[in-house]
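Below is one structure, written out as structure tokens; comments come after it.
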Protein chains: 2
Amino acid sequence: ALGDPRALDAWLEHTASPQERSDQLDELSDDDVVALAGALDLPTGLELFDGVEPDVLTRVLVRLPLAQAAGLLDAFDADVTADVLRDMRAEERERLLTAMGRAHSAVVRGLLSWPEDSAAAQMSPNAVTVRPIWVVQDAVRAIRVAAADLQADSHTAAYVYVTSADAQVVGVVTFRALVFAEPGTLVAQIMDEDVVTVDPLEDQEQAAAVLTDHRLLAVPVVDDDGVLLGLLTADDVADILEEETTEDAEKQGGSSPLDVPYLRASPWLLWRKRIVWLLVLFLAEMYTGTVLRHFEDELAQVVALSFFIPLLIGTGGNSGTQITTTLVRAMAVGEVRLRNVLLVLRKEMSTAVLVAASVAALAWVRALTLNVGNEVALTVTVTVAAIVLWSAFVASVLPLVLKRLGLDPAVVSAPMITTVVDGTGLIIYFTVAHLLIGALGG
Amino acid sequence: ALGDPRALDAWLEHTASPQERSDQLDELSDDDVVALAGALDLPTGLELFDGVEPDVLTRVLVRLPLAQAAGLLDAFDADVTADVLRDMRAEERERLLTAMGRAHSAVVRGLLSWPEDSAAAQMSPNAVTVRPIWVVQDAVRAIRVAAADLQADSHTAAYVYVTSADAQVVGVVTFRALVFAEPGTLVAQIMDEDVVTVDPLEDQEQAAAVLTDHRLLAVPVVDDDGVLLGLLTADDVADILEEETTEDAEKQGGSSPLDVPYLRASPWLLWRKRIVWLLVLFLAEMYTGTVLRHFEDELAQVVALSFFIPLLIGTGGNSGTQITTTLVRAMAVGEVRLRNVLLVLRKEMSTAVLVAASVAALAWVRALTLNVGNEVALTVTVTVAAIVLWSAFVASVLPLVLKRLGLDPAVVSAPMITTVVDGTGLIIYFTVAHLLIGALGG
């Protein structure tokens, strides 16, 4: 059915949203996507593959006839083509670049020369520029001529940049301003000289933040001399932010970022992304066994102490996780910086005092209902309060320390906080027990 | 120093980025912000407060002289003004609306009449429209006349919508196309009739996804008759997505969304947002104590069993957290839907088999190094594998079940998975122990 043009037309007609189409494509196997692509003419193929994840295209295109693959790549925007080619093996990439149109492949090679996570790697290299000394009428004529060469993503750019004779960016003018202006006005008179720019090597996430912070629809990427290299547009930025947020979420859950859509990830890939952190945490958690064996006599004497182990360390992990997820997100959106460390610590420790008091009250009631005696009940109550405070300290300081060391605070995951609090929480527990329980010499 | 105009000018000069300014404002107390605002003339105040969180403005504006507050609100975009007024007490809101310019306050009252999380509440209500039968030259002239009335956010709109005589949206034309077109062309000839629109009552997050999925810079909000009500623009959408992602992150960490910037949250607010979930989880986790007391005899006979409790339930919680965070994020970005439940389950259970085998091997080595004998070592090894499988099942099904019930899957937090796995994991542990350890009748 996948090769049947009539069924295909009906499906394209029925499924108008590009997102829905690409969702449905994501559920097909690679084989089916290749079969589907083989049955398409170029315009339908373009319409269909617009919005499909680059990594799917990477795998599918190497299996299509060379001319068809090169035809599709030629028709994509240069930044999409570069994304698709970046993850191919070198010889496949070279084969396709050679088969593509010369002008387009030169632009794509330029993009591929930048580091993968840099602003320049994500930019659209084709920008129409005008000169400040032109009148609006001439500028409009020049733009109209240049428009014939523009790639498809031109619909997402809203600005025209004004450059000097040396290609340095000296201003920006909106298409809107061009529409409003009298034809005889100088471009210099309607341009905004205060152009926000980004460096080509700037991290893509930082560059995306520049655009959203200034509420812009595009920012120019310029080199050290101020020369325009390309544009980062709002739709590129939406992709970057979605990708970065997904990576942060995955790190926060204690696994490495998948880098592919979830439904495309094989069990082997999922295993690889998860097992390293899981084994590291397992090794760290093994420490809890050492602590408990150290207190073997106490456990044998007062078996009731073991009843509360999961509750105490679980509550410490939960209260720490609440803090660390809120804090890591606040750092990701730029609300909290390193210099706020004391502010954060004061705020979190004050909150932890309130939380500790609330939880301790409930723990006291719980210990009494388990009929374990006053000494154990008091031990549990004091311990839960101490663990909540300790966990708050660890959870608020750790992300800021990692940031200070130049690491990504998002790796302070819920599992990491839980693991740190488990072992240290047990030491707190038995130390309190020694102090408060007579049978243990307290 | 905050009232000193010279120091203020120096600061404004020095801190050019609106984001940096608003970050620094976020660290001031409300009193200081009011003192600062009192010293500003209107243009400087506007420049300064552009980009400050609406909730800060809400608190500060009610403390400024009425004329100054109304002047600022008049100068903000209508959607920003509505955001600021929405959270005020009714009488404060009414006082300010009455003091504002009549036209602007009428528009703002319109926005305030929509539900807070709807697309319509976030839209910019001032949209320039043209008619399909106009020629480009006349359309440009009409836009130029209308531009005089446009609010400040006009720089973020890139499209002009084409409406019929009944104000129904019949097409869209980019400013870019207007620049490129010959003056005598009909608007109908250069417009795109395939306009993607959103309903006014659509959830703001869904509406934001429509814009990003179609890679647009704005979408029109239209009523049931297709009449244009306003525009949702890319910068509104960036705010909506950032807010929704933050809410999801906070839910995933087991607390209720803060709804205010982190540094503005008092310890009391943090406590309120966290304590409910924490106590619910504490009550659920109390179940572990009941389980352990039930197996009190076993724990007294084989004290070594207790050494592994934190390690076993911790590992179950960690492997479940890995799954649930990845899955919830995939659901949030639309990669995984309800109909994928079997696909997800097959993928996750296959992965869990690989993970269980890896972790069990390490657990066997660990048990031997603690010198607990072969029976306990075998029990620990079998249990960790069983817990990983069970945890994978719970973590992959629970988010989809919640979604099916119409609830937000993001509330399946790391702490919730940990808590569910803790109690059930202990039952698995002691059941396996009974089967495998001779002294317990195995």
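The values are calculated or read from the model by the stated rules, or taken from the named source; none is laboratory data. Given the structure is predicted, the values throughout are model-derived calculations rather than measurements. Cβ atoms come from the backbone with ideal geometry, glycine included; neighbour counts cover every protein chain shown. Only protein heavy atoms, including side chains, enter the accessible area calculation; ligands, DNA and RNA are left aside. Shrake-Rupley method; radii C 1.70, N 1.55, O 1.52, S 1.80 Å.
Roughly how many Å² of A:Lys251 are accessible to a 1.4 Å probe, to the nearest 10?
In the full protein context, A:Lys251 sits at about 40 Å².
Once every Cα of region A:380-442 carries one equal point scatterer and solvent is ignored, give the base-10 log of I(q)/I(0) from the Debye formula at q = 0.22 Å⁻¹, two decimals.
The Cα Debye sum returns log10 ratios of -0.86.
What is the distance in Å between the Cα centroid of region A:166-220 and that of region A:385-442?
With region A:166-220 and region A:385-442 each reduced to a Cα centre, they are spaced 49 Å.
What nm distances, shortest first, do you get from the label point of B:Glu242 to those in the other copies when the point sits 7 angstrom along Cα to Cβ?
From this label point to the equivalent ones elsewhere in the assembly: 1.9 nm.
Compute the FRET efficiency between B:Leu338 and A:Leu42 as 1/(1 + (r/R0)^6), taking r as their Cβ-Cβ distance and R0 = 56 Å, and round to the nearest 0.05. It would help to have the intermediate numbers written out before the result.
Numbers: r = 35 Å, r/R0 = 0.63.
Calculated transfer efficiency: 0.95.
Using only protein heavy atoms and a 1.4 Å probe, report how much of A:Tyr159 is accessible, in Å² to the nearest 10.
20
With a 1.4 Å probe and every protein chain left in place, tell me how much accessible area A:Glu182 has, in Å² to the nearest 10.
110
Any idea what the B:Val196 label distances to the other copies are, label 7 Å down the Cα→Cβ vector, nm, shortest first?
2.3
According to the square roots a ≥ b ≥ c of the eigenvalues of the Cα gyration tensor, what is the shape class of region B:272-386, taking rounded for a/c under 1.5, prolate for a/b larger than b/c otherwise, and oblate for the remainder?
On the way: a/c = 2.87, a/b = 1.40, b/c = 2.04.
Taking the square roots of the gyration eigenvalues as a ≥ b ≥ c, region B:272-386 is oblate.
So, counting K/R as plus one and D/E as minus one, what does the shell of residues with Cβ under 14 Å around B:Ser358 add up to?
Numbers: positive: A:Arg272, A:Lys273, A:Arg274, B:Arg366; negative: none.
Local net charge: +4.
Report in % the part of the accessible area of the protein assembly as shown that belongs to carbon and sulfur, leaving out ligands and nucleic acids; probe 1.4 Å. Don't jump to the answer; show the numbers that get you there.
Values: 20180 of 35510 Å².
With neighbouring chains kept in place, the figure for the protein assembly as shown is 57 percent.
For B:Arg404, place a label point 7 Å out from Cα along the Cα→Cβ vector, do the same in each other copy, and report the separations in nm, one decimal, smallest first.
Once sorted, the set of distances for B:Arg404 reads 4.9 nm.
Taking beta carbons within 10 Å but only from partner chains, what does the mean come to for residues A:210-217?
Working: counts 2, 3, 8, 8, 5, 12, 4, 9.
Counting other chains' Cβ atoms within 10 Å and averaging over A:210-217 gives 6.
Would you rank B:Arg274, B:Arg215 by solvent-accessible area, highest first, keeping every protein chain in place and using a 1.4 Å probe? Intermediate results must be reported in sequence, preceding the final value.
Numbers: B:Arg274 10, B:Arg215 65 Å².
My answer, sorted largest first, is B:Arg215, B:Arg274.
Suppose only helical runs count, i.e. DSSP H with n ≥ 4. What mean residue ellipticity at 222 nm does that imply for the protein assembly as shown under -39500 (n - 2.57) per run, divided by all residues and rounded to the nearest 500 deg cm²/dmol?
After summing the helix terms and dividing by residue count, I get -20500 deg cm²/dmol.
Take peptide A:355-368, look around each residue's Cβ out to 10 angstrom, count Cβ atoms belonging to other protein chains, and average those counts. Kindly include the intermediate steps, with their values, before the conclusion.
On the way: counts 7, 0, 1, 6, 4, 0, 1, 5, 2, 0, 1, 5, 1, 0.
Per residue, the average neighbour count from other chains is 2.
When only C-alpha pairs under 8 Å and at least 6 residues apart count, what is the relative contact order of chain B, in percent?
Working: 583 pairs, mean separation 51.0, N = 442.
It rounds to 12 percent for chain B.
Just counting partner chain Cβ atoms within 10 Å, what average do the residues of peptide B:408-420 show around their Cβ? Intermediate values should be presented prior to the final figure.
On the way: counts 0, 0, 1, 0, 0, 5, 14, 11, 1, 2, 8, 6, 0.
Averaged over the peptide's residues, the number is 4.
Tell me, Kirkwood radius of region A:112-264 from alpha-carbon pair distances, in Å?
Kirkwood hydrodynamic radius for region A:112-264: 16.6 Å.
What's the FRET efficiency of A:Glu92 with A:Asp223 using the Cβ-Cβ distance as r and R₀ = 41 Å, to the nearest 0.05? Don't skip to the end; give the middle numbers.
Details: r = 30 Å, r/R0 = 0.74.
It comes to 0.85.
With a length cut of 24 Å (Cα positions projected on each helix's long axis) and a Kyte-Doolittle mean of at least 0.5, go through chain A and give me the DSSP H helices that pass.
Values: long enough: A:234-252 (27 Å, -1.18); A:267-294 (39 Å, 0.67); A:309-332 (34 Å, 0.65); A:341-369 (41 Å, 1.46); A:374-404 (45 Å, 1.53); A:414-436 (31 Å, 1.42).
Flagged H segments are A:267-294, A:309-332, A:341-369, A:374-404, A:414-436.
Among residues other than B:Val135 whose Cβ falls under 11 Å from its Cβ, what is the net charge (Lys/Arg +1, Asp/Glu -1)? All intermediate terms of the calculation are to be shown ahead of the outcome.
Details: positive: B:Arg131, B:Arg141; negative: B:Asp138, B:Glu182.
That sum, taken over residues with Cβ under 11 Å, equals 0.
Return a whole-number percent for the relative contact order of region B:98-240, with Cα pairs under 8 Å and 6 or more residues apart as the contact set.
Details: 239 pairs, mean separation 41.3, N = 143.
The normalised contact order for region B:98-240 reaches 29 percent.
Students often forget the sequence filter, so: which aspartates and glutamates lie under 15 Å Cα-Cα from B:Lys273 once same-chain residues fewer than 8 apart are removed?
Partners within reach: A:Glu348, B:Glu247, B:Asp248, B:Glu250, B:Asp259.
In terms of the Cα gyration tensor, with a ≥ b ≥ c the square roots of its eigenvalues, is region B:37-83 rounded because a/c is under 1.5, prolate because a/b exceeds b/c, or oblate? Please report the intermediate quantities before stating the final value.
Working: a/c = 1.37, a/b = 1.22, b/c = 1.12.
It comes out rounded by the Cα gyration axes.
With each pseudo-label sitting 7 Å past Cα toward Cβ, what's the B:Ala188-A:Val365 distance in nm, one decimal?
Result for the modelled spin labels: 7.3 nm.
Starting from the Kirkwood radius over alpha-carbon pairs of the protein assembly as shown, derive D by Stokes-Einstein at 20 °C in a medium of 1.002 mPa s and give it in µm² s⁻¹. All intermediate terms of the calculation are to be shown ahead of the outcome.
Values: Rh = 30.1 Å.
After rounding, the answer is 71 µm²/s.
In percent, how large is the relative contact order of region B:192-236, given Cα pairs closer than 8 Å and 6 or more residues apart?
Numbers: 48 pairs, mean separation 15.7, N = 45.
Here the relative contact order equals 35 percent.
State in Å² the accessible area per residue of region A:314-442; use a 1.4 Å probe, count heavy atoms of protein chains only, and round to the nearest integer.
For region A:314-442, the per-residue accessible area is 35 Å².
Under 1.5 on a/c is rounded, so check that first for chain B, then, if it is not, pick prolate when a/b is larger than b/c and oblate when it is not; a ≥ b ≥ c are the square roots of the alpha carbon gyration tensor eigenvalues.
Details: a/c = 3.28, a/b = 1.95, b/c = 1.68.
Since a/c reaches 1.5 and a/b is larger than b/c, the shape of chain B is classed as prolate.
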